[in-house]
Each structure stands twice: as C-alpha cells, then as structure tokens.
Amino acid sequence: MSILFGVVFFILGSLIVYVFQKKIFKGITEEDVVCEVVQKAFIRVKNSEHNEHKLVRELLKSDAFIKDLSLTAKFQGSIVGYILFTKIKVGEETLLALAPLAVLPKYQKKGIGKSLIEKGHKVAKNLGYKGVVLLGDPGYYKKFGYSSASKWGIKSPVKIADENFMAIELYPDSLIDIKGVVQYPKEFGI
Ligand SMILES: CC(C)(COP(=O)(O)OP(=O)(O)OC[C@H]1O[C@@H](n2cnc3c(N)ncnc32)[C@H](O)[C@@H]1OP(=O)(O)O)[C@@H](O)C(=O)NCCC(=O)NCCS
C-alpha cells in the first residue's frame with residue numbers, strides 16, 4: 001500500500017514540477033515585452049481605444065513589417081520605449097507609417113521618444129524610403145519636422161483633422177511628386 005502511495009506521490013510530484021517548469025521556461029518573448037510597453041504607455045491616453053498593442057502584434061507578422069524599423073529603447077537592459085514604421089502605399093510609391101510610438105510613463109519626457117524618432121528616420125532614409133506619414137499630435141511631431149500631409153497632396157483614407165494627419169520628407173523634396181490617398185495595410189482596420 002505504502003509503495004503505491006509513494007508511486008502516486010512521485011508521479012503527481014513530477015507532473016507538478018513539469019507544469020511549473022513549462023510555465024516558467026515557456027519564455028516571454030521580446031514581442032510580449034514590446035506589447036506590454038505599448039499597452040502601458042497608452043493606458044492614460046484619452047484619444048485612444050487602448051488597442052495599440054494588439055495592432056503591434058498584427059503588424060509584426062504582416063507584409064508591411066520591416067525588421068530594421070521596429071526599434072526599442074532600453075534602460076538598464078529593459079525595454080522602456082518602442083517605435084514601429086510599417087509600409088504603406090500612396091499611389092505606386094511605398095512610404096512608411098509611424099505607429100505606434102510609445103514610452104513607458106515613468107520614462108517619458110527624458111528624450112526617449114525623440115531618440116526613437118530620429119533613429120527611425122535615419123534607418124528609413126538609409127533603406128531608401130522617401131517619407132513617413134502619421135496620425136498624431138502636431139504639438140509633439142512638429143518638433144521633429146512633421147507637417148500636414150495635405151501640403152504634399154497626401155490624404156487620409158478616413159476623415160481626420162488636417163493638422164493631425166502629418167508627413168515628413170526624409171530628404172529634401174522627396175515627397176514632391178507623391179500625391180494621393182494613403183492605403184494602409186489591412187491590419188490597421190482602416
Ligand atoms: C508621446 C511620447 C511618445 C513622447 O515620448 P517622450 O520620450 O516622453 O518624449 P521626449 O522626451 O523625447 O520629448 C521630446 C520633446 O517633446 C516634448 N513633449 C513630450 N511629450 C509631449 C506631448 N505630449 N506634447 C507636446 N510635446 C511633448 C518634450 O518636452 C520634448 O521637448 P523639448 O525637446 O523641447 O525638450 C510619450 O509621451 C508616450 O508614449 N505617450 C503615450 C503614447 C502616445 O501618446 N504616443 C504617441 C501617439 S501619436
């Protein structure tokens with residue numbers, strides 16, 4: 001009888017250890033951390049539906065994804081900020097959409113957003129892209145050279161205040177001949 005108990009205990013014990021290890025070592029991926037950072041950054045943003053982290057998950061596996069333009073900012077080895085640029089179309093031209101940009105609340109106003117934008121622009125330019133389009137706060141993005149996309153005849157596919165739909169040229173006059181309505185990848189749900 002006691003042998004039987006011993007065997008049952010051994011099997012149960014092994015099972016618990018196995019399940020525990022599976023949970024522990026299943027591994028949290030960088031993608032999980034990035035999505036958590038994005039979710040936490042947008043938690044108190046008023047004009048948000050708080051689904052930016054879900055958009056990131058979708059975009060990371062989409063055709064619009066560019067590995068070199070998915071950038072993290074780290075502090076003491078931990079991810080505290082994130083920026084993503086994905087492919088969009090304006091007519092025949094492939095430009096980029098900046099969405100989202102997110103910095104953990106505790107690390108905001110320390111220049112992290114700025115450094116992510118500047119790094120992203122540099123990489124995008126080196127990859128040969130002509131410009132970036134975004135939907136955002138002009139009070140913030142004007143600091144980095146963004147202005148109304150309508151200036152170039154680049155239009156939003158949805159109704160949006162002119163000042164919030166912005167673009168930037170990645171080199172002088174790079175957007176001069178680019179006009180039309182932005183076609184977002186389906187993941188944006190636009
Ligand atoms: C918006 C956000 C990315 C800014 O990141 P950040 O690291 O705090 O920004 P920085 O410290 O690099 O700020 C750069 C400059 O913008 C200013 N700034 C920061 N947030 C601002 C805001 N919301 N509106 C206007 N200016 C702002 C800073 O004071 C700084 O100005 P300075 O260079 O003259 O000193 C961050 O606040 C965030 O993640 N917010 C929640 C998510 C969000 O709203 N994302 C943007 C979606 S459009």
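Springs between Cα atoms under 10 Å define the GNM used for the chain, and in it the highest mean-square fluctuation of Val37, Val103, Val123 occurs at Val123. Using a simple spin-label model with pseudo-atoms 7 Å out from Cα toward Cβ, Lys125 and Lys74 lie 2.6 nm apart. Between the amide H of Lys155 and those of Gly180, Val181, Val182, distances stay under 5 Å, these residues lying 5 or more places away or on another chain, with hydrogens modeled in the peptide plane. Looking at the range 28-188 alone, DSSP beta bridges between its own residues are antiparallel in about 85 percent of cases.
Counted residue by residue at 0.36 nm each, then reduced by the alpha carbon distance between them, the extension gain from Ile28 to Glu163 reaches 44.7 nm. Helix 112-126 and the longest principal axis of the C-alpha atoms of the chain enclose an angle of approximately 70°. In terms of the mean number of neighbouring beta-carbon atoms within 10 Å, the peptides 67-77, 128-138 order highest first as 128-138, 67-77. Please report how far the C-alpha centroid of the range 44-95 lies from that of the range 142-184, rounded to the nearest whole angstrom. Cα centres, the range 44-95 to the range 142-184: 18 Å. Only helical runs count toward this figure. For the chain, summing -39,500 (n - 2.57) over DSSP H runs of n ≥ 4 and dividing by all residues gives -10500 deg cm²/dmol at 222 nm.
Quick note: the coordinates plus some simple rules give every number you see, no bench work behind them. In this text, all values refer to a predicted model and were calculated from it rather than measured experimentally. FYI the Cβ positions are ideal-geometry reconstructions off the backbone, even for glycines, and counts take in every protein chain you see.
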